Amino acid sequence: MLTAVALGVAAAAPAAADPPTPAQSGAALSKKLTSAVTAQGALAHLRQFQKIADAHQNTRASGTPGYDESADYVARKLEHAGYQVSRQSFEFPFFQELTPSKFSQVSPTAKTFVNGTDFATLNFSGDGAAQGTVTAVDVNLTPPRASTSGCEASDFASFPKGKIALLQRGTCDFGVKANNAAAAGAIGVIVFNQGNGTEAANPDRFELVQGNAGGPVPIPAITVPYALGAQLAGAPTTVVRIETDTLSETRTTENVIAETSGGHADNVVMAGAHLDSVPEGPGINDNGTGSAGLLEVALKYAPLAKEVPNKVRFAWWGAEEGGLLGSAHYVSALTPAQVADIGLYLNFDMIGSPNYLLAVYDGDNSTGTGAPPAGSGALETIFRKYLASRGQQVVDTEFDGRSDYGPFIAEGVGIPAGGLFTGAEEKKTAADVAKFGGVPDAAYDPCYHQACDSLSPVSDGADAALYKKLAKAYGKKLVGNVNVFALDLNTDAIADAVARLAWDTSGISKPGDAPKAAAAAAPSGGRQGPLPTN
């Protein structure tokens with residue numbers, strides 16, 4: 001990892017004129033940098049990511065040659081631009097579903113369930129086949145359905161070995177539940193969604209959730225929606241069959257870090273994006289767009305950085321899709337002094353969704369859904385002001401730590417953070433369409449975490465009729481699974497924020513500052529970024 005050393009400060013203004021204020025200098029640098037970055041520059045990087053995936057079994061997932069070549073490409077570009085580049089390697093648990101899982105009811109009535117609709121493979125599920133009677137473990141179907149199902153070994157005191165454990169989401173991690181079941185003699189695991197609250201108010205607690213066990217589970221394990229779980233819980237003689245074809249092992253990956261040689265090393269402006277895709281596809285929107293936009297900004301910033309007060313550090317994270325592992329590794333390796341040297345962190349995860357919205361991390365906590373470190377609200381304001389200057393409306397996205405800014409805002413770290421997001425698998429509402437255009441009742445990214453997150457989505461399995469609608473709505477703005485208008489606008493917004501903050505971090509941080517009051521410990525997965533672990 002990099003050790004920050006103060007190597008430069010801002011150049012003095014000519015004696016004959018009043019020196020520019022930091023705000024004036026930041027505005028001038030913003031004008032230069034936003035003029036220099038282009039959508040075509042970002043698209044060129046996306047085309048290279050696609051070419052890399054094409055050469056490596058259609059994936060750029062961490063722990064695969066596709067990721068390694070992506071990291072090589074980014075590092076090579078940054079070194080050529082004159083950055084000090086560091087490549088921080090680390091081991092991580094790798095998981096891949098080799099072929100689609102199967103789930104069926106054997107008796108009393110034969111029934112085949114649909115993968116992706118009725119069930120999903122739990123990440124880190126064991127490999128193999130399991131057939132047996134479904135046995136519910138400490139489930140609670142009575143509203144509000146508080147659940148600790150499977151969280152303690154004692155929950156399985158009377159569990160009959162050789163059965164399939166039916167567990168309810170809630171309280172503890174999926175991995176805890178599944179491994180407790182395996183230790184009790186279960187041959188397979190079904191985790192159904194919790195069903196707490198009401199379905200209208202909390203659809204994410206009723207619908208199918210594809211969870212992450214966080215590490216290997218020795219038996220086949222799947223997730224199902226609340227309704228199917230409740231149905232199975234009410235039919236204790238039901239026999240089902242689960243078939244999984246999975247790979248779990250320890251692999252090595254890396255983060256790519258690049259920083260300017262000059263600037264205050266005790267007030268580092270840091271910006272990052274995860275470079276990895278999921279194993280299922282090339283990840284051109286998630287998160288090729290964030291990585292490409294950030295790389296375009298870094299390359300165009302390099303020749304402008306020599307007389308700017310603050311050091312700027314860019315990061316491309318590995319293994320985000322496994323649970324923010326690259327950014328968490330980076331932060332955990334920092335000394336307290338190095339944490340204090342980072343003035344702020346900006347995160348860019350999915351900035352070109354095809355059916356986009358323009359969302360800014362809720363740093364001022366106006367939605368009441370997070371606990372941002374002090375200074376995060378000022379970062380939100382920078383993004384909002386820039387997008388408003390371009391005539392755009394914006395919405396908040398929850399400041400919940402569910403992307404690579406999570407480790408930076410976590411308890412005991414408390415670095416101010418902000419960022420941009422254009423939507424994942426959730427459906428676009430009529431209110432969104434009124435603000436941003438597009439296709440209602442379709443996902444912001446219909447190819448989220450799929451093979452069709454590519455520059456040729458229909459050829460790679462996307463819904464042809466839906467992409468025809470998207471093409472009609474957006475015309476030439478749609479390039480593969482990327483909305484170039486959103487990508488261009490957000491790349492400019494990154495450039496504006498980096499330029500202004502490189503000059504002036506007033507109200508956010510100053511040289512020698514310790515981090516502000518921290519948020520609660522960040523969750524390890526969610527809608528944006530990796531799969532939830534609980």
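For R251, the residues 5 or more places off, or on other chains, whose built amide H falls under 5 Å of its own are F92, F94. Shown here: the stretch 234-283, whose C-alpha atoms stretch 69, 26, 21 Å along the first, second and third principal axes, sorted largest to smallest. For the chain, what is the relative contact order in percent, using Cα pairs closer than 8 Å and at least 6 residues apart in sequence? About 20 percent, as a whole number. The mean sequence distance of close C-alpha pairs (under 8 Å, at least 6 residues apart), as a share of the length of the stretch 453-495, puts its relative contact order at 39 percent. Computed from backbone phi, the HN-Hα couplings of the stretch 363-370 come to x, 8, 6, 5, 8, x, 9, x Hz, rounded to whole numbers (Karplus: 6.51 cos²θ - 1.76 cosθ + 1.60, θ = phi - 60°; Gly and Pro given as x).
Among beta bridges identified by DSSP and lying wholly in the chain, the antiparallel ones come to about 55 percent.
Per residue and in cubic angstrom, what volume does the convex hull of the Cα atoms of the chain have? Normalising the Cα hull of the chain by residue number yields 139 Å³.
With contacts defined as alpha carbon pairs under 8 Å and 6 or more residues apart, what's the relative contact order of the stretch 262-406 in percent? Once normalised by length, the contact order is 30 percent. Here the convex hull built on the C-alpha positions of the stretch 417-520 has a volume of 155 cubic angstrom per residue. The stretch 162-182 to the stretch 314-376: how many Å between their Cα centroids? Here the answer is 30 Å between Cα centres. The stretch 233-267: which GluC sites (Glu not before Pro) are DSSP loop and have at most 14 other beta-carbon atoms within 10 angstrom? Hits after loop and neighbour filter: nothing returned.
Taken together, the values in this text are just the output of simple stated rules run on the coordinates, not laboratory data. Since the model is a prediction, treat every value here as computed from it, not as a measurement. In this analysis, Cβ positions are derived from the backbone assuming ideal geometry, glycine residues included, and neighbour counts consider all displayed protein chains.
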